[in-house]
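Working notes for the structure below.
The values are calculated or read from the model by the stated rules, or taken from the named source; none is laboratory data. Every value quoted in this text rests on a predicted model; they were computed, and no experiment measured them. Cβ sites come from the backbone with ideal geometry, for glycine too, and all protein chains shown count toward neighbours.
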Amino acid sequence: MATINDVVLVYVDDKPGFYARIDEITPDVKPGWWQVQLLVLTFPLQVFTWILDEFQLEGADFTMGGTPLRMEMLVSPIELERAEKEKNDREQAQKERIEAGAPKVISLQDRRKKK
């Protein structure tokens, strides 16, 4: 779900329309709905407040005045790169542990049988 300070791309009629930053999310009077304040990154800057439910904040389609809209959360390429590096580091560490050989478990029951 999109949260405060996330940058979203708003699709209008299934085409990219504009970028916006979520500045504030406050509960609406209707349960399960939220007042979402968007800083629309246009020239000049504009502020919209939309009332959305949780599914719409997660990227579900909705309409306003008959116009289909959808919000898609954007992730910085730097964050994607950082996450990929962390994943590779974890995989490398696990591979090194396996190659180094885990300590062997000796069954006491098997050991007694040998004597």
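Return the pair list, or none, for Cβ contacts closer than 8 Å from residues in segment 1-23 that are in contact (Cβ under 8 Å) with a residue 24 or more places away in the chain to residues that are surrounded by 14 or more Cβ atoms within 10 Å (Cβ to Cβ) and basic (K, R), at least 6 apart or on different chains.
Going by the 8 Å Cβ cut-off, the qualifying pairs are D6/R21; V7/R21; V8/R21; V10/R70; Y11/R70; D14/R70.
Say we look at segment 37-68 and pick out the residues that are under 17 Å from the mean Cα position of the chain (by Cα) and aliphatic (A, V, I, L, M); which of these is modelled with the highest pLDDT?
So the residue we want is A60.
Please state which one of T63, T49 is of a type in the set (V, I, T) and surrounded by fewer than 10 Cβ atoms within 10 Å (Cβ to Cβ).
After applying the criteria, what remains is T63.
If I ask for residues that are more than 14 Å from V8 (Cα to Cα) and acidic (D, E), which ones from segment 48-60 would you list?
D53, E54
If you go through segment 69-85 one residue at a time, do you hit one that is more than 17 Å from I4 (Cα to Cα), at pLDDT 85 or above, in contact with a strand residue (DSSP E or B) (Cβ under 6 Å, 6 or more places away or on another chain) and hydrophobic (A, V, I, L, M, F, W, C)?
Taking every residue of segment 69-85 in turn, at least one turns out to be more than 17 Å from I4 (Cα to Cα), at pLDDT 85 or above, in contact with a strand residue (DSSP E or B) (Cβ under 6 Å, 6 or more places away or on another chain) and hydrophobic (A, V, I, L, M, F, W, C).
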